[in-house]
Amino acid sequence: MIARLTGRVLTLDQGALVLDVNGVGYEIEVASSTANSVEIDKIVTLETLLIVREDAQILFGFTELTDKKLFQLLIKINGVGPRLAIGIMSGLNEDELSLAIMEKDIKTLTAVPGVGKKTAERLVIELQDKITFEKVSGKKNKSKMAQELLSDLEGTLLNLGYKAQEVDFAIHRIKIESTDLEVLIKAALQELRRR
């Protein structure tokens, strides 16, 4: 099994690249996020997964091990083949996919080409216990807020009866930047009502 390759990017097309590893050119299929993070003639290390079928051997590559693990999770789902899994990862980044799964957001999932309603529902059912929601836990907005303000906001929402995961979700979704606790509480409550 080819688990990792380091080499020079020879060509880069939509969804695929050729990696020169000691004179051997490996054609590797990649998601758009990987394609956008590499450059022709640069040395790159890719986490890889070889899929062997009756009619083909296809090598898939990822810049991050977490992306490879997500890909492996996706292809285990009935009706999701490797190409569709790469398509899902091209259409939604890890945060967006995690959020869509957490919110059971079928509309966002079906916006990805090739994902129908049944497949989207299957994704939600199969992944909700497996996908990690660490990146959806409001880190982005939490880092912008002062610690004291953040504690007050979290405390208020928890006291209103919301669960910790819901509170994290709401804080992550707040689009306004403010130092006014009342404004932030209103914004968080709006996000919670949208669920």
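The values are calculated or read from the model by the stated rules, or taken from the named source; none is laboratory data. Given the structure is predicted, the values throughout are model-derived calculations rather than measurements. When we count neighbours, we look across all protein chains shown, and the Cβ atoms used for this are built from the backbone with ideal geometry, even at glycine.
Considering only region 155-179, state which residues are within 11 Å of Leu192 (Cβ to Cβ) and not in a helix (DSSP H, G or I).
Result: Leu160, Gly161, Tyr162, Lys163, Ile174.
For region 1-95, which fully contained strands (runs of 3 or more DSSP E) count at least 2 residues that are surrounded by fewer than 14 Cβ atoms within 10 Å (Cβ to Cβ), assigned by TED's automatic domain parsing to the domain that holds Lys118 and at positive phi?
Ranges flagged: none.
If you take the residues of region 107-144 that are closer than 22 Å to Asp168 by Cα and not in a helix (DSSP H, G or I), which of them is modelled with the lowest pLDDT?
Among them, the one singled out is Ser137.
Taking Asp129 as meeting all but one of (1) under 30 Å from Asn22 (Cα atoms); (2) free of Cβ contacts under 8 Å to residues at least 24 places away in the same chain, write down the number of the exception.
It fails just one condition, (1).
In region 107-124, what residues are of a type in the set (Val, Ile, Thr) and within 12 Å of Gly87 (Cβ to Cβ)?
Val112, Val115, Thr119
Give the residues of region 180-195 that are part of a helix (DSSP H, G or I) and charged (D, E, K, R), sorted by residue number.
Matches in region 180-195: Glu182, Lys186, Glu191, Arg193, Arg194.
Which one of the conditions (1) charged (D, E, K, R); (2) farther than 14 Å from Ala31 by Cα; (3) free of Cβ contacts under 8 Å to residues at least 40 places away in the same chain does Glu64 fail to meet, given that it meets all the rest?
Status for Glu64: all satisfied but (2).
Could you grab me the full set of residues in region 1-37 that are of a type in the set (Gly, Ala, Ser) and closer than 23 Å to Gly81 by Cβ?
Ala3, Gly15, Ala16, Ala31, Ser32, Ser33, Ala35
Give me a count of the residues in region 158-172 that are closer than 16 Å to Gln190 by Cα and over 27 Å from the mean Cα position of the chain (by Cα).
3
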